[in-house]
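Take a look at the structure below.
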């Protein structure tokens, strides 16, 4: 499975991955997900924002003929595993795909052992988890769980001005933003994720179970100033917004360190940038 995914969306110059949501590389990954689900004769279900769940129903033999699109389990006792396949710009190979591939591998192993589950098991594929295109992290899962207003999501645009609904349509999907019924039968969700810091290395541990997760927030700061001549304008006459930005970044860094928290300035756009 890794061999199939590794070349998709990889930047030859940097070795990183560019799998922007609903663009060609990410859609190729989504097609791979459907192919792997079909190969295992799982029941694939999609929602109106492009999320997918491939269900292994306990009352259905895994060697049945052709998978059918069936509703999720009615009772909230299903076990959901999986992750996402989109990436940030120049992202890593394991961020997201590890959770999806390991889920398929786990089902394969359980079947090899002859174990038949007593609860439905679903492999999830959530879209736009990184927030790299529309600026909202976990967008697909937020919409699917009803944690984001569909009308607000419909107004989201990417850097080129493309609305979310248009991006879905351009990718061959039928937009229907909002809470997803396919998650109604989920009782628990488990995601295997690559460790992206060095905590496990420092502890000398290969794996760990998280007890909490950092709250994820994004803010947009707009600093306004006045462009002027770099040589002729006296320092006391300048109104440079980059100084305000620099002081804000330093203050955020200081407060994060004092609180044992995190603070990152990930993107800066300067106009006129002359």
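The values are calculated or read from the model by the stated rules, or taken from the named source; none is laboratory data. Keep in mind that this is a model prediction, so the values were computed, not measured. Reconstructed Cβ throughout: ideal geometry from the backbone, glycine too, with neighbour counts over all protein chains shown.
Quick notes on this one:
- Residue in the stretch 128-135 that is exposed (fewer than 15 other Cβ atoms within 10 Å of the Cβ) and at positive phi present: no
- Verdict on residue 253 being under 28 Å from residue 135 (Cα atoms) and either in a loop (DSSP other than H, G, I, E, B) or under 21 Å from the mean Cα position of the chain (by Cα) (or both): no
- A residue that is surrounded by fewer than 14 Cβ atoms within 10 Å (Cβ to Cβ) and farther than 23 Å from residue 30 by Cβ occurs somewhere in the stretch 181-193.
- One residue stands out among those in the stretch 256-274 that are exposed (fewer than 11 other Cβ atoms within 10 Å of the Cβ) and assigned to a helix (DSSP H, G or I): the one that is nearest to the chain's Cα centre (by Cα), which is 259.
- Tally of residues being in contact (Cβ under 8 Å) with a residue 40 or more places away in the chain, surrounded by fewer than 16 Cβ atoms within 10 Å (Cβ to Cβ) and farther than 30 Å from residue 13 by Cβ across the stretch 77-116: 5
- Residue 170 falls short on exactly one of the conditions (1) surrounded by fewer than 18 Cβ atoms within 10 Å (Cβ to Cβ); (2) more than 19 Å from residue 23 (Cβ to Cβ), and that condition is (2).
- Scope the stretch 76-89; condition touching a strand residue (DSSP E or B) at 6+ places or on another chain (Cβ under 7 Å) and part of a loop (DSSP other than H, G, I, E, B); matching residues: 76, 77, 85, 87
- Residue in the stretch 173-191 that is in contact with a strand residue (DSSP E or B) (Cβ under 6 Å, 6 or more places away or on another chain) and without any contact (Cβ under 8 Å) to a residue 40 or more places away in the chain present: no
- Considering the stretch 136-152, the residues that are without any contact (Cβ under 8 Å) to a residue 60 or more places away in the chain and not in a loop (DSSP other than H, G, I, E, B) include one that is surrounded by the fewest Cβ atoms within 10 Å (Cβ to Cβ), namely 151.
- Of the residues 198, 157, the single one that is exposed (fewer than 15 other Cβ atoms within 10 Å of the Cβ), under 16 Å from residue 129 (Cα atoms) and in the same structural domain as residue 128 (by TED's automatic domain parsing) is 157.
- Test result for residue 124, under 19 Å from residue 84 (Cα atoms), assigned by TED's automatic domain parsing to the domain that holds residue 97 and modelled with pLDDT of 95 or more: yes
- Lone qualifier among 226, 271 - being touching a strand residue (DSSP E or B) at 6+ places or on another chain (Cβ under 9 Å) and more than 30 Å from residue 122 (Cβ to Cβ): 226
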